[in-house]
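The next block holds one structure in the form of structure tokens; read it before the comments.
What follows is calculated from the coordinates using simple rules that are stated; it is not laboratory data. Bear in mind the structure is a predicted one, so any value in this text is a computation, not a measurement. A quick note on method: Cβ atoms are made from the backbone with ideal geometry, for glycine too, and the neighbour counts reach across all protein chains shown.
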Amino acid sequence: MISRLSIGVLFLFFGIQLVAQVSVSEEPEISNLMREYVQNNRQETIVRAWRIQILTTNDRRKMETGIKKFEALYPEVDYTWEHNPPYYQVRIGAYELKEDLEATLLELKRDFPSALPVQAEMKKTQLLELN
């Protein structure tokens with residue numbers, strides 16, 4: 001007498017055998033398109049991604065004070081600053097998706113209430129290094 005377990009094992013065995021016999025053939029046009037896509041993607045070094053802007057001010061001294069506060073509170077986190085006249089902007093992080101920065105943003109808002117997500121153009125390597 002064959003048990004249910006034996007029947008289940010037989011179906012599983014034959015099911016695996018059937019799956020192993022599946023073959024996929026790709027049209028040459030699809031292969032060429034994928035190859036072209038990969039090549040173009042490798043050539044493009046700049047991407048549009050997200051950063052957290054912790055400070056915006058038109059006073060350089062306020063920016064420097066904010067940076068000192070940030071360095072004291074978060075010594076392990078790198079930052080960058082830019083001068084886009086008339087504003088000085090201090091930014092941290094490199095996130096591919098906006099959702100990825102939300103937890104960090106909530107934490108930073110305790111010390112920097114005006115922190116907000118901003119889009120920025122950056123090198124792909126920055127995304128890989130920081131994440």
Quiz prompt | Among PRO75, GLN89, ALA103 the positive-end extreme of the charge dipole of the range 46-130 (Cβ point charges) | solution = GLN89
Quiz item: Based on Cβ point charges of +1 for Lys and Arg and -1 for Asp and Glu, what charge dipole magnitude is obtained for the range 46-130 about its Cα centre, in debye rounded to the nearest 20?
Solution: 320 debye
Exercise. Take the alpha-carbon positions of the range 30-131, form their convex hull, and give its projected area averaged over all directions (one quarter of the hull surface) in nm².
Key: 7.7 nm²
Quiz item: Residue by residue through the range 97-106, which ³J(HN,Hα) values in whole Hz follow from phi under the Karplus form 6.51 cos²θ - 1.76 cosθ + 1.60 (θ = phi - 60°), with glycine and proline marked x?
Solution: 10, 4, 4, 5, 9, 4, 5, 5, 4, 4
